[in-house]
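Quick note: the coordinates plus some simple rules give every number you see, no bench work behind them. Only a predicted model underlies this, so the values are computations on that prediction, with no experimental measurement involved. Cβ placement follows ideal geometry from the backbone for every residue including glycine, while neighbour counts extend to all protein chains displayed.
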Amino acid sequence: MQWNESWNLGIATIDGQHRNILKAINALQTASGPKMIPKLLQALTAYALIHFDYEINLLEENDFKDLIGHKREHENFFLQIREFSTESQEEPDLEEFMERVRIYLVNWLFSHIQEVDMQYRDHLLARGIK
Ligand SMILES: [Fe+2]
Ligand SMILES: [Fe+2]
């Protein structure tokens, strides 16, 4: 899955972090066996954690209100990754499982960027953050 320029918010750090999350999602597809999956999911979690913390801190510092729904979406992402991680240890049909994981993650990332992260873009750009 390739990055599409239309997914950029125009805030360099955030866009770079979103790209890293996509890279970690793509790296998952290289898993050659179920044993690799928890490690790759862990790497994805690590990138996501760095990004979510950075994003929420930046928004709080810039007085962006009403972050409850946004934080909940980030939480749901981690919960789902944890479920995938557990499932990967139960010897799923690898091809079917990886396809389900890929679809969930790619959909989550792009709908989150376009529907949730986009809501703060103008606020941060107006404050001179780019
Ligand atoms: Fe977010
Ligand atoms: Fe984000």
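For the chain, go through all pairs of different Cα atoms, get the mean of 1/r, take its inverse, and jot down that Kirkwood value in Å.
Numbers: mean 1/r = 0.0647 Å⁻¹.
Over the chain, the inverse of the mean reciprocal pair distance is 15.5 Å.
For the stretch 1-15 and the stretch 70-127, what is the centre-to-centre distance using only Cα atoms, to the nearest Å?
So the separation of the two Cα centres works out to 16 Å.
Using a Gaussian network for the chain with springs between C-alpha atoms less than 10 Å apart, which of these wobbles most: 39, 65, 23?
Looking only at 39, 65, 23, the biggest GNM fluctuation is shown by 65.
Semi-axes of the equivalent ellipsoid of the stretch 1-45: what are they in whole Å, largest first, if each equals the square root of 5 times a C-alpha gyration tensor eigenvalue?
Each semi-axis is √(5λ); the values are 25, 11, 5 Å.
Can you check what the net charge comes to around residue 38, using other residues whose Cβ is under 11 Å from the Cβ of residue 38 (Lys, Arg +1; Asp, Glu -1)?
+2
So how strong a dipole does the chain carry about its Cα centre when Lys and Arg Cβ are +1 and Asp and Glu Cβ are -1, to the nearest 20 debye?
Dipole size: approximately 380 debye.
Under a cut-off of 18 Å between alpha-carbon atoms, report the lysines in cross-link reach of residue 39, not counting same-chain residues fewer than 8 places apart.
Hits, sequence-local ones excluded: 23.
Between beta-carbons, use under 14 Å as the cut-off and find the net charge around residue 20, counting Lys and Arg +1, Asp and Glu -1.
So the environment of residue 20 carries a net charge of -1.
Calculate how steeply helix 12-28 sits against the longest principal axis of the alpha-carbon atoms of the chain, using the helix alpha-carbon long axis, and give the answer as 0 to 90 degrees to the nearest 10.
That helix lies at roughly 10 degrees to the long axis.
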